[in-house]
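Below is one structure; the comments refer to it alone.
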Amino acid sequence: MVHRGFAAVVAAAVIGVSAAGCGSGHRPAESKDGATGAPRPAYSGLSQVPERLGSDGTTITVGDPSAPVAVHLYEDPRCPVCKEFETTGGAPRLRAATLRRETRTQYTLASFLDGRLTGSGSEKAVNALRAALEKGRFAEYHDVLYAHQPAESVDGFTDAYLLELAGRVPGLRGPDFDSAVRSMKYRSFVTRSEKAYEKAGGAQDPKGPGTPTAEINGVRVPGEYNGVLFDGDAFSRLLADIRSNPGAWRDAG
């Protein structure tokens, strides 16, 4: 199936980046309060960004709930392609836009790689991330896990390693968090989250849509255009284009 609308929108973002060159491109939009119209200050860092569990019991949202662009990511902690997106791809630009209140980022955390590769690292990492959310440190810990992700085949997200990495996030370690990690306190969340990931694949992909997969304002980026997720400039431009013309993106889907 040819996604002509997507091709046009994504091509515009990529061409815009090529034409812009270093140091140019979209000026960040000024975020304003919906009731008063007054400018809202950007968050000073991830520790200041609100994060919460959605009413569905699986979706974790990071950022201003009134941000005009919502990016929903499907990720598995052991997935090396997710690491590429999170560390050298579009995710750093996405975080910057979230800090500016231009986007809010949603996560559905999968753990299917444990079954494919054997082991329990994905499940343990998802459980630890849920425990971090309870402490208001999900976004910071999420970044640390991907920055220090073990090789996919190693199954290296052990309790000890997860706790070691948690020590890099101020305010995260403590008896409650440590116990939650060691006891798999949020095992039921891990199971529900994997099922939500599989459900997102629909009839065409009953085992899940693959990771990373991104939906922007409810419209999924087709697999053939997933390359835009790994080009920081192109992804940033795409988010800016969607923010300025959301109708074109919605119609492209």
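The values are calculated or read from the model by the stated rules, or taken from the named source; none is laboratory data. Small disclaimer: the values here were computed from a predicted structure and weren't measured. Because the Cβ atoms are built from the backbone with ideal geometry, glycine has one as well, and the counts that use them run over all protein chains shown. With ligands, DNA and RNA removed, areas are computed over all heavy atoms of the protein, side chains included. Shrake-Rupley method; radii C 1.70, N 1.55, O 1.52, S 1.80 Å.
Brief remarks on what is shown
- Zero-based 10 Å bins, Cα pair distances in the stretch 57-150, whole percents: 16, 50, 29, 4, 0
- Computed extension gain for Ala160 through Ser244, at 0.36 nm per residue and net of the alpha carbon distance, reaches 25.7 nm.
- The stretch 127-183, relative contact order [Cα under 8 Å, separation at least 6], %: 43 percent
- Taking 26 Å as the straight-line reach from the Cα of Lys207, the lysines in range (excluding those fewer than 8 positions away in the same chain) are Lys83, Lys124, Lys185, Lys195, Lys199.
- Computed from phi, the 3J(HN,Hα) profile of the stretch 210-225 under the Karplus parametrisation 6.51, -1.76, 1.60 (θ = phi - 60°) reads x, 10, x, 10, 10, 10, 10, 6, x, 10, 7, 6, x, x, 6, 10 Hz, with x in place of Gly and Pro.
- Full extension of the chain between His148 and Thr191 yields a length gain of 13.1 nm, computed as 0.36 nm times the residue separation minus the alpha carbon distance.
- Counting 0.36 nm for each residue step from Ala203 to Thr59 and taking away their Cα separation leaves a gain of 49.8 nm.
- Pairs of Cα atoms farther than 15 Å apart, the stretch 180-253, %: 66 percent
- For the stretch 104-179, the solvent-accessible area with a 1.4 angstrom probe is 38 square angstrom per residue.
- For the stretch 102-188, the Kirkwood hydrodynamic radius comes to 13.1 Å, computed from all pairs of different C-alpha atoms.
- Accessible surface of the stretch 110-247, 1.4 Å probe, proportion on carbon and sulfur as whole %: 47 percent
- Per-residue packing, averaged as other Cβ atoms within 10 Å, sorts the ranges 159-171, 235-247 into the order 235-247, 159-171, beginning with the highest.
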